[in-house]
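Enquirer: First the structure, then my questions, so here it is.
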Amino acid sequence: MTTTSHGWVRPGPGVAPQGRPARPRLVCLTYAGRGASGFAEWPRLLGDTADVLAVQLPAREERRTDPPVTDIDALRGQLLPELLPWLDGPFVLFGHCMGGLLAASLVTTLVAQHDREPAALVLSGTAPPWQQDALGDLAAMTDGEFIRGLRKAGALTPKQIAEPAVLALMLPAIRADYLLFESTREVFGEPAAPPLRCPLELFAGESDTAIDPDAMRAWGALTSGPVALRVFPGDHFFLDTAAADVAGAVAGIVREVCP
């Protein structure tokens, strides 16, 4: 994947420049601390079904020297101007864990302020913010306290647990992302009326100890359209361990809603 000049959007190989696309576009956001490279295989897995665009937040990968964004209003203000030119045709939003929370927040803004609604919204491994508790006073936590909280919540990958040096490199981005999560949770309440009409697809891991699939159903408050829940093998990080299954399910959704 290559990165656009401002760094926020990474289109897959061969994706046409900004302008009305020949294929639907799939916008992907990943979990806390992870970078857009987590979707590097998705253009191959989806084939001709969609153009894959991965969102790259600052403070990771090639943007590791960029200051992190920890406020949801600031994130929307910086990301949406870069993303909007890519959304001039049919598109689907996919987000996993914190990426799902951000996708839900972004899509409500796209509809309310820009009259752009996706053909479908896919939220994976995440519960609505009004169903989630705060991790704690992140600003006051030591790194050790923060890591223990993440482990208790089932929010660290096996690689991060097994390789402390890897976790240490990722920890600033993970901490920044959880501050962003807290900022989003504080302002994103359950809507009084559904702001969306599009189909909503919910993906859950059958062994996920961080997110209860039943709690995910509360996302249905976002849309007057159909809501479906699919369960995949794996824990909270089934996005990585069952990548082909997840990408295949997303491809099927894109084909269904963007014929």
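The values are calculated or read from the model by the stated rules, or taken from the named source; none is laboratory data. Here the structure is a predicted model, which means the values were calculated and not measured. Because the Cβ atoms are built from the backbone with ideal geometry, glycine has one as well, and the counts that use them run over all protein chains shown.
Enquirer: Quick check on the stretch 204-220. Is at least one of its residues surrounded by 16 or more Cβ atoms within 10 Å (Cβ to Cβ), closer than 22 Å to Thr49 by Cα and touching a helix residue (DSSP H, G or I) at 6+ places or on another chain (Cβ under 9 Å)?
Expert: There is no residue in the stretch 204-220 that is surrounded by 16 or more Cβ atoms within 10 Å (Cβ to Cβ), closer than 22 Å to Thr49 by Cα and touching a helix residue (DSSP H, G or I) at 6+ places or on another chain (Cβ under 9 Å).
Enquirer: Hey, can you tell me all the residues within the stretch 193-234 that are small (Gly, Ala, Ser) and over 23 Å from Ala112 (Cα atoms)?
Expert: From the stretch 193-234, those small (Gly, Ala, Ser) are 193, 204-205, 207, 210, 215, 218, 220-221, 224-225, 228, 234; that's our starting set.
Hits for the stretch 193-234 are Ala204, Gly205, Ser207, Ala210, Ala215, Ala228, Gly234.
Enquirer: What number goes with the only condition from (1) surrounded by fewer than 20 Cβ atoms within 10 Å (Cβ to Cβ); (2) within 30 Å of Thr65 (Cβ to Cβ); (3) without any contact (Cβ under 8 Å) to a residue 60 or more places away in the chain that Arg175 does not pass?
Expert: The one condition Arg175 does not meet is (1).
Enquirer: Take Leu80 and tell me if it is hydrophobic (A, V, I, L, M, F, W, C), out of contact with any strand residue (DSSP E or B) (no Cβ under 7 Å at 6 or more places or on another chain), modelled with pLDDT of 95 or more and surrounded by 21 or more Cβ atoms within 10 Å (Cβ to Cβ). Give the steps one after another, and end with the answer.
Expert: Details: hydrophobic (A, V, I, L, M, F, W, C): yes; out of contact with any strand residue (DSSP E or B) (no Cβ under 7 Å at 6 or more places or on another chain): yes; modelled with pLDDT of 95 or more: yes; surrounded by 21 or more Cβ atoms within 10 Å (Cβ to Cβ): no.
When the stated conditions are applied, Leu80 does not pass them.
Enquirer: Next question, about the same structure. If you check Val52, Val27, which single one turns out to be of a type in the set (Val, Ile, Thr), within 24 Å of Phe203 (Cα to Cα), touching a helix residue (DSSP H, G or I) at 6+ places or on another chain (Cβ under 9 Å) and without any contact (Cβ under 8 Å) to a residue 60 or more places away in the chain? Walk me through how you get there before you give the answer.
Expert: Details: Val27 fails: without any contact (Cβ under 8 Å) to a residue 60 or more places away in the chain.
It is Val52.
Enquirer: Which count do you get for residues in the stretch 31-67 that are in contact with a strand residue (DSSP E or B) (Cβ under 6 Å, 6 or more places away or on another chain) and either closer than 23 Å to Glu182 by Cα or of a type in the set (D, E, K, R) (or both)?
Expert: Count: 6.
Enquirer: State whether one or more residues within the stretch 186-203 are closer than 21 Å to Ala134 by Cα, in contact with a Pro (Cβ under 6 Å, 6 or more places away or on another chain), of a type outside the set (Asp, Glu) and touching a residue at least 40 places away in the same chain (Cβ under 8 Å).
Expert: Yes, that holds for at least one residue.
Enquirer: A follow-up question, please. Pairs only if they're at least six apart or on different chains, beta carbon under 6 angstrom, first in the stretch 235-259 and buried (at least 16 other Cβ atoms within 10 Å of the Cβ), second among the polar types (S, T, N, Q); list them, first residue then second.
Expert: These pairs meet every condition: Asp235/Ser207; Phe237/Thr157; Ala251/Thr49; Val254/Thr49.
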